[in-house]
Structures are given as structure tokens and as C-alpha cells.
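Student: Structure incoming, see below.
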Amino acid sequence: MRRFGDPAEPGRRYPTRQGAYAVIRDGGDVLVTEKAEPEPEFQLPGGALDPGEGTLRALHRECLEETGWTIRPLRRLGAFQRYAYMPDHDLWARKVCHIYLCRPVLRIGPPADPGHMAIWMPAETAARRLANAGDRWYLARAIAGLRPGGRGPR
């Protein structure tokens, strides 16, 4: 599985945390979330699976919580891993991020998650501004219409 970011530090324990994340496209724009804490950053909407929860159920729940929008997943784009500190949980983890291409369906209201703001921005701008390299890589390929392996148009 492709890894983005720093490698695991020898001797540090990294429990695996599965997560589902969405590239939500509407024409040339994408819906991202700006998370205010601990540092302001743009992210793909999504997050960790709750115990016993499947990837698609988590994808729907997290997108609604972080953006206020319901979504329609179109296809799975792929997955990547990264080793990261999660300040909300005071935990170092191996994050396995499952990425889906989605369409927006209906705005229910503002984001329910404190400290999140949903922002529509041009896809090319988002591909430069997303905080982590894995999100940027998958968004860039979704924009280009390439398969995640770079094997040509879909």
C-alpha cells in the first residue's frame, strides 16, 4: 500500500486506524473541510471508522458531520497509509485512508463537528492546499481523470 509522509519511527507503537474520506466533486469544484484545531488546515471530509462500522457507513456519517452534506459515493479511488500523531486522541497511529469519489446530494445544515467549516473551492486550488500529501495525490488524480496507478483515463 502506498505510504505518504514520514516512515514509522523505530520502537514507536502505531495502532492501525481505518478511515474513509471523500473527494466530493460538483463540476470543477470540490467540497473540503477546514479544521481549526490544533492548526488550521484543509482536509478531505472523512474520518475514522467507529467500532463495528463499515467503510461506506463511516463515509456517509463523517461527511455529514464535517460538511453538513449528504453524499452519493460513485467509486472507490484507492487507499493509502500514513503514520501520524492524532492530537484529538493523544495517539500515534498508522492511518489507513480509504478514498472515494462522491457527488453532493443535499445540504442538511452546517457542519455538526465543532471546529469544522465546509468550503467549496476550485479543485485545482484544493489539490494544492490540502494538508496531507495522500489527500493531494488522490484529488489530483480525480481531477485529471486518471486511475490512481496513473494508467490512463477512466
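The values are calculated or read from the model by the stated rules, or taken from the named source; none is laboratory data. Keep in mind that this is a model prediction, so the values were computed, not measured. Cβ placement follows ideal geometry from the backbone for every residue including glycine, while neighbour counts extend to all protein chains displayed. Calculation scope for accessible area: heavy atoms of the full protein, side chains included, ligands and nucleic acids excluded. Shrake-Rupley method; radii C 1.70, N 1.55, O 1.52, S 1.80 Å.
Student: Just to be sure I understand the model, the point goes 7 Å from the Cα along the line to the Cβ. What's the resulting V105 to Y14 distance in nm?
Tutor: That separation, rounded to one decimal, is 3.4 nm.
Student: Ignoring ligands, DNA and RNA, what accessible area per residue does the stretch 8-131 give at 1.4 Å, in Å²?
Tutor: Computed with neighbouring chains in place, this is 51 Å² per residue.
Student: Taking the stretch 20-60 as the region of interest, what is the percent of Cα-Cα pairs per 5 angstrom bin, listed from the shortest bin to the one with the maximum distance?
Tutor: 6, 22, 21, 21, 18, 10, 2, 0
Student: Quick one: compute the contact order of the chain, relative version, from alpha carbon pairs under 8 angstrom and 6+ residues apart, as a percent.
Tutor: 30
Student: Run the accessible area of the chain with a 1.4 Å probe and give the carbon-and-sulfur part as a rounded percent. Mind dumping the intermediate values first?
Tutor: Numbers: 4050 of 8170 Å².
That fraction is 50 percent.
Student: Would you mind getting me the FRET efficiency between R2 and A112? Use the beta-carbon distance for r and R0 = 35 Å, nearest 0.05.
Tutor: It comes to 0.65.
Student: I've got another one for you. Could you tally the net charge around V32, taking each other residue with its Cβ under 14 Å from the Cβ of V32, Lys/Arg +1 and Asp/Glu -1?
Tutor: Counting the neighbours of V32, the net charge comes to -4.
Student: Which value in nm describes the separation of the simple spin-label points at D90 and W120, placed 7 Å from the Cα toward the beta carbon?
Tutor: 4.1
Student: I need the shape label for the stretch 38-144. Rule: rounded when a/c is under 1.5, else prolate if a/b > b/c, else oblate, with a, b, c from the alpha carbon gyration tensor.
Tutor: Because its axes are fairly even, with a/c under 1.5, the stretch 38-144 counts as rounded.
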